[in-house]
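Chemist: Just passing along the structure, written as structure tokens.
The values are calculated or read from the model by the stated rules, or taken from the named source; none is laboratory data. Values in this document were obtained by computation on a predicted structure and should not be read as measured data. As a convention, Cβ positions derive from the backbone with ideal geometry for all residues, glycine included, and neighbour counts pool all protein chains shown. Ligands, DNA and RNA are excluded from the accessible area calculation, which covers all protein heavy atoms including side chains. Shrake-Rupley method; radii C 1.70, N 1.55, O 1.52, S 1.80 Å.
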Amino acid sequence: MSKQTYRVCFCFQRRFRLAVSEAPEDIKKLFEQYSENGIMTIDGLQRFLVEVQKEDKATREDAQKIIDSVKHFHRKGVNLEAFFKYLFGDINPPLASLGVHHDMSAPLSHYFIYTGHNSYLTGNQLSSECSDVPIINALKRGVRVIELDIWPNSTKDDVDVLHGGTLTTPVELIKCLRSIKEYAFVASEYPVVITLEDHLTPKLQAKVAEMVTQTFGEILFSPGPECFKEFPCPESLKRRIIISTKPPKEYLEAKEVKDKEDDSQRGKASDEEAWGNEVPDLKGSHVANYKNDFDEEDEEDTDDGEKSQHSLAPEYKHLIGILAGKPKGGLDAWLRVDPDKVTRLSMSEQKFEKAVVTHGKQIVRFTRQNVLRVYPKSTRFDSSNYNPLIGWMHGVQMVAFNMQGHGRSLWLMHGMFKANGGCGYVKKPDFLLNSMEVFDPKIKLPVKTTLKVTVYMGEGWYYDFHHTHFDAYSPPDFYTRVGIAGVPADSVMKKTKILEDNWLPSWNEVFEFPLTVPELALLRIEVHEYDMSEKDDFGGQTCLPISELRSGIRAVPLYSRKGEKYNSVKLLMHFEFI
């Protein structure tokens, strides 16, 4: 395997020598600094962990575990090869293994919550199948909010889940409920919220109430009057299922609106590339044009929550743990804070983009106490997504995403919820909960810290991809994009040089990222293979929450477009906060 052959034409072949993975010069110098006579002892490795890796509490026992893990024949230390193996190994990840470490005793409104949109769809929004499989996959990933659109079945005597007014094939509600019960707490024991988009008659609502009660039994959260004055905390809701819905529109009326949707919109599906267009720039806020956008929860649906409750089947009404709805009067009325009542409000991404321009501070105030859900616009027929940061930096708890899709925006979602042990709940920064001063993400603040990133090298593509996957005639030409997703002042992307014909690229390039709001920042990393004649090929990606990024030299595993971890592909990088 020391050489690799590529066929150029019928008569000619090109042969390339395969390099062996070798420690970069910086790593060799560090090894010399902390070793003696070619061996880094337990004491030397402990000093390295404290001084370079910034693991202040590292002990000799920690150093010994590393030495044992690389299984080198030197019992008292490691040589350069073993040291490099440790640095590039799975035992040296970029994120701290802290488990759930945020305060989980605050009201639900104080957390960003991992939220799905149309969680039952297997593909696009117009013609894909409805199934419990994407629900199961979402729950396994740690998603905590599952959305179900419930409609009468064809004979009007049972309840189906489907995307109304489209060609999506239905799945029975009971099947979805049973799968939620089975998989709800596989990835996290914190509560699962089921948001019901309800298009049922009172008779079928009563049937849903019976299904939900019998399926979930004791794990179903039964709200008391106090829950409508302040949301309970995630800690008190462990292993509980919460139902959230608003008073329903008459389902036939809703279907008529859907059928009247402007046909011209159907040709405007997103043109995202295979891994998604670049995440939209938030530096220039704009008022979205949403004239013809049909919303699942349109602005005409302005029922007063309590008033419309009388039309609900009583069994159904008592299930609702998080009441949703929109009062009459437009944005000012929707965002009015009632000190004695909490609610959940929903907006499409287009309405929300417009609202942050005219009512940005009101949104931040509203989300201190109440829950806001933002969902993809209806013209995202291909199940693409929007930039979640525009929601998070205004305190939005439920940034609802098409989890069955893929693309850069979804990678940011995956990155955010790697934080706090991957439990699906991330405590909002204090400045979004501060009652004295309202956070404005458009104002450029002083730099709090600067992240210095060194991209040393990468490996693993040779093992995870066919040797002609990137280029039929030669080894790949890799480059890395690295940058920040965050508030507008912090968001930026940079890239390394392109290294030609190399399965083991060694860039050794340094980048610095000044951060004004590191609490909301994500480190974006992508590897691409340069193609002069066509679009560059995809070579892996990851997003990492800055708040939990470990200083030091780390092995960074990369993921596929769909967010699945590659077996071997990873980068060696150095992170420093200066």
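Chemist: Could you tell me whether segment 467-484 includes any residue that is among the aliphatic types (A, V, I, L, M) and under 30 Å from Phe112 (Cβ atoms)?
Modeler: Checked against the condition, which is being among the aliphatic types (A, V, I, L, M) and under 30 Å from Phe112 (Cβ atoms), segment 467-484 yields at least one hit.
Chemist: Tell me which of these Val569 doesn't satisfy, since it passes every other one: (1) among the β-branched types (Val, Ile, Thr); (2) closer than 30 Å to Lys428 by Cα; (3) in a strand (DSSP E or B); (4) touching a residue at least 60 places away in the same chain (Cβ under 8 Å).
Modeler: Against the list (1) among the β-branched types (Val, Ile, Thr); (2) closer than 30 Å to Lys428 by Cα; (3) in a strand (DSSP E or B); (4) touching a residue at least 60 places away in the same chain (Cβ under 8 Å), Val569 comes up short only on (2).
Chemist: Residues that are under 30 Å from Gly164 (Cα atoms) and of a type in the set (Val, Ile, Thr): find the helices (runs of 4 or more DSSP H) completely inside segment 363-475 holding 1 or more of those.
Modeler: Ranges flagged: 389-392.
Chemist: While we're here: Does segment 514-526 include one or more residues that are in a strand (DSSP E or B), among the charged types (D, E, K, R) and modelled with pLDDT of 95 or more?
Modeler: Among the residues of segment 514-526, at least one is in a strand (DSSP E or B), among the charged types (D, E, K, R) and modelled with pLDDT of 95 or more, which makes the answer yes.
Chemist: Filter segment 110-156 down to the residues that are open to solvent by 10 Å² or more (accessible area, probe 1.4 Å) and of a type in the set (Lys, Arg), then identify the one that is nearest to the chain's Cα centre (by Cα).
Modeler: My answer is Arg141.
Chemist: So, one more: Identify, from the list Lys562, Lys535, Lys570, the residue that is more than 20 Å from Met457 (Cβ to Cβ) and more than 13 Å from the chain's Cα centre (by Cα).
Modeler: The unique qualifying residue is Lys535.
Chemist: Under 7 Å between Cβ atoms, which residue pairs at least 6 apart in sequence (or on different chains) link something in segment 533-548 that is farther than 23 Å from Ser491 by Cβ with a partner that is open to solvent by less than 10 Å² (accessible area, probe 1.4 Å) and assigned to a strand (DSSP E or B)?
Modeler: Pairs found: Asp537/His528; Asp537/Glu529.
Chemist: A further question follows. State whether the residues of segment 364-371 include one that is over 23 Å from Glu235 (Cβ atoms) and not aromatic (Phe, Trp, Tyr).
Modeler: Yes, segment 364-371 contains at least one residue that is over 23 Å from Glu235 (Cβ atoms) and not aromatic (Phe, Trp, Tyr).
Chemist: Now for a different question. Tell me which residues, restricted to segment 323-361, are small (Gly, Ala, Ser) and in a loop (DSSP other than H, G, I, E, B).
Modeler: Selection gives Gly325, Gly329, Gly330.
Chemist: Still on this structure, please answer the following. So in segment 463-501, with the set limited to residues that are polar (S, T, N, Q) and touching a Gly at 6+ places or on another chain (Cβ under 8 Å), which one is farthest from Trp392 (Cα to Cα)?
Modeler: Only one residue fits best here, namely Thr480.
Chemist: Looking at segment 364-383, I want the residues that are of a type in the set (Asp, Glu) and have a partner that is at pLDDT below 95 with Cβ atoms under 8 Å, at least 6 apart or on another chain. Which pairs are those?
Modeler: Asp382/Asn124; Asp382/Gln125; Asp382/Ala269; Asp382/Ser270; Asp382/Glu272; Asp382/Gly405
Chemist: Hey, could you check segment 224-244 for residues that are buried (at least 17 other Cβ atoms within 10 Å of the Cβ) and either farther than 22 Å from Gly116 by Cα or outside the structural domain of Ile146 (by the TED database) (or both) and say which is modelled with the highest pLDDT?
Modeler: Phe228
Chemist: Something else about it: Taking segment 28-54, which residues are basic (Lys, Arg) and either open to solvent by 50 Å² or more (accessible area, probe 1.4 Å) or without any contact (Cβ under 8 Å) to a residue 40 or more places away in the chain (or both)?
Modeler: Lys29, Arg47, Lys54
Chemist: What is the number of the single condition among (1) in the same structural domain as Phe228 (by the TED database); (2) polar (S, T, N, Q); (3) without any contact (Cβ under 8 Å) to a residue 12 or more places away in the chain that Ser97 does not meet?
Modeler: Against the list (1) in the same structural domain as Phe228 (by the TED database); (2) polar (S, T, N, Q); (3) without any contact (Cβ under 8 Å) to a residue 12 or more places away in the chain, Ser97 comes up short only on (1).
Chemist: For the structure I just gave you, tell me whether Phe381 is touching a Leu at 6+ places or on another chain (Cβ under 6 Å) and open to solvent by less than 20 Å² (accessible area, probe 1.4 Å).
Modeler: Criteria met by Phe381.
Chemist: Now for a separate question. Consider segment 451-476. How many of its residues are closer than 14 Å to Gly540 by Cα and crowded, with 17+ Cβ neighbours inside 10 Å?
Modeler: So the answer is 9.
Chemist: Do the conditions hold for Met403, that is, is it closer than 20 Å to Ser348 by Cα, in contact (Cβ under 8 Å) with a residue 12 or more places away in the chain and open to solvent by less than 10 Å² (accessible area, probe 1.4 Å)?
Modeler: no
Yes/no matrix, rows are residues, columns are (1) within 20 Å of Ala419 (Cα to Cα); (2) open to solvent by less than 10 Å² (accessible area, probe 1.4 Å); (3) out of contact with any Leu (no Cβ under 6 Å at 6 or more places or on another chain):
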site: Ala489; (1), (2), (3): no, no, yes
site: Lys494; (1), (2), (3): no, no, yes
site: Ile498; (1), (2), (3): no, no, yes
site: Phe513; (1), (2), (3): no, yes, no
site: Glu526; (1), (2), (3): yes, yes, yes
site: Met532; (1), (2), (3): no, no, yes
site: Asp536; (1), (2), (3): no, no, yes
site: Leu549; (1), (2), (3): yes, no, yes
site: Ser568; (1), (2), (3): no, no, yes
